[in-house]
Every structure is written in structure tokens, then in C-alpha cells.
Amino acid sequence: PASVGAGGSAGKSEARLRESEERFRALIEKSSDIVGVLNRDATLRMVSPSIEEHLGYQPEQLLNTSALALCHPDDRPWLAKVYQEILEMPGTTRQINVRLRHKDGSWRTFEAAGRNLFHVTAVQGVIINARDTTERKRLEEQLLQAQKMESIGRLAGGIAHDFNNLLTAISGY
């Protein structure tokens, strides 16, 4: 009977462990954001399936490749510096905006957070969470352009009104 109780307890522990693993796997695999784990040399050790939706790559295509290789060439020098800073500060999180290359060659804009978790035995890497902000950036630029056009329209309207007043005075004279 003692062995039955111990086996039952072990069975419950294993079931809870499996349930916990399934829950965390689903959270990562179903997340709309890209989640990745980087090694010290910035190579991708793990990347979530959502990378295919945002950048067109299968996760397996990017494993053991440099995360910096996906970044815009103009961004790489300062990103390498930021990554080094993250490595030097365990537990801290850095927020960045970065341009990443889609498989089709286009560039997408992402807000990303990097957190050094090398000190956590279960992780031992830098965790990256990245959210695609390409559409939001495009809409912000359109809004800014519309505001500029509105300002130019008001200025032109004011000039036309003043010019009309001047012409009225001249024609009346």
C-alpha cells in the first residue's frame, strides 16, 4: 500500500508537470509576438512559430543563425552594442525599436524587449519579445503627412484670403 500511495503521488506530479509544460508551450507557440532565446553570441537557440507570420521564415530556418543577420545593416552596430550591455546586466530588460528583414526582402519595424536570463538555470539565454509595429508606423506617417497637408492648406487659405482683401481694396480705389 505504501508503494501505491507513492506511485500515485508521483503520477500526479508527472501529470501536473506535463500540464504545466503544455500550458507554457501553448503560451509561446500561440503568442502573436515573436519570442526567442539567444545564446551569448546572439545566435537563435529557440524562436516561436509566430516568426513565420511576421517575417515569413520557418522557425527551424533561423535556429543557430545570428539574430543580428536579420537586422537592417544600419542598425547592426548599435544593436551589437546594446546586446553586449544586456549581457553585462543580468536580469535587466532593454527596450529597442529595430528593423528586421522579411523573407521577401522587405523591412518590418518591431518593438522588442531583451532580458538577460543567463542566471536562470531553466533558460540560460537572452529572452527576446518582439512585436510587429510596421502597420502602426505606416499609419503614424500617414497621419503626420495629413497634418502637414492640413497646415499647408490653412496657410494657403489665409494667404488667398489676404490677397483677396488686397485686390478688393485696390479695385475699390
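The values are calculated or read from the model by the stated rules, or taken from the named source; none is laboratory data. The structure displayed is predicted, hence computed values, not measured ones. Note that each Cβ is placed from the backbone with ideal geometry, even for glycine, and that neighbours are counted across all protein chains shown. Calculation scope for accessible area: heavy atoms of the full protein, side chains included, ligands and nucleic acids excluded. Shrake-Rupley method; radii C 1.70, N 1.55, O 1.52, S 1.80 Å.
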Checklist entry - Taking the structure as given and computing mean projected area of the Cα convex hull in nm², which label from (i) 8.0; (ii) 17.4; (iii) 18.4 fits? => result (ii)
Checklist entry - Using θ = phi - 60° and the Karplus curve 6.51 cos²θ - 1.76 cosθ + 1.60, what whole-Hz ³J(HN,Hα) does each residue of segment 81-98 get, with Gly and Pro shown as x? => result 5, 4, 4, 5, 4, 4, 4, 7, 10, x, x, 8, 10, 10, 9, 9, 10, 8
Checklist entry - Pick from Arg23, Arg101, Arg76: which is most flexible by mean-square fluctuation in a GNM of the chain where alpha carbon atoms under 10 Å apart are linked? => result Arg23
Checklist entry - Taking amide H positions as placed 1.01 Å from N in the peptide plane, with prolines and chain starts having none, which residues 5 or more places from Val120, or on another chain, fall under 5 Å of its amide H? => result Gly125
Checklist outcome for this item: Taking placed amide H atoms and a strict 5 Å upper bound, the residues 5 or more places from Met46 or on another chain that come that close are Val37
Checklist outcome for this item: HN-Hα couplings for segment 44-59 via Karplus (6.51, -1.76, 1.60; θ = phi - 60°), in whole Hz with x for Gly/Pro, come out as 6, 8, 8, 8, 6, x, 5, 5, 5, 5, 8, 10, x, 9, 6, x
Checklist entry - GNM, the chain, Cα, under 10 Å: largest mean-square fluctuation among Leu62, Leu27, Leu117? => result Leu27
Item to check | Partner aspartates and glutamates for Lys148 [C-alpha distance under 18 Å; skip if fewer than 8 residues away on the same chain] | outcome: Glu140
Next on the checklist: Give me the tail of P(r) for segment 5-64 as a percent: Cα-Cα pairs with distance above 14 Å.
Outcome noted: 64 percent
Item to check | Residues whose placed amide H lies under 5 Å from that of His102, excluding near-sequence neighbours | outcome: Trp107, Arg108
Item to check | Expected 222 nm ellipticity per residue - DSSP helices of 4 or more, -39500 (n - 2.57), all of the chain, to 500 | outcome: -17500 deg cm²/dmol
Checklist entry - Among 33-39, 77-83, what's the highest-first ranking by average C-beta atoms within 10 angstrom per residue? => result 33-39, 77-83
Item to check | Contact order normalised by residue count of segment 1-86, Cα under 8 Å, 6+ apart, percent | outcome: 18 percent
Item to check | In sequence order, calculated HN-Hα J values of segment 99-110 (Karplus, 6.51, -1.76, 1.60; Hz; x Gly/Pro) | outcome: 9, 10, 7, 6, 4, 7, x, 6, 10, 10, 9, 10
Checklist entry - Anyone know which of Leu70, Leu155, Leu100 comes out most mobile in the 10 Å Cα GNM of the chain? => result Leu155
Item to check | Reachable lysines from Lys30, criterion Cα separation under 29 angstrom, eight or more residues apart if same chain | outcome: Lys12, Lys103, Lys137
Checklist entry - Which value, in Å², gives the accessible area per residue of the chain when a 1.4 Å probe is used on the protein heavy atoms? => result 67 Å²
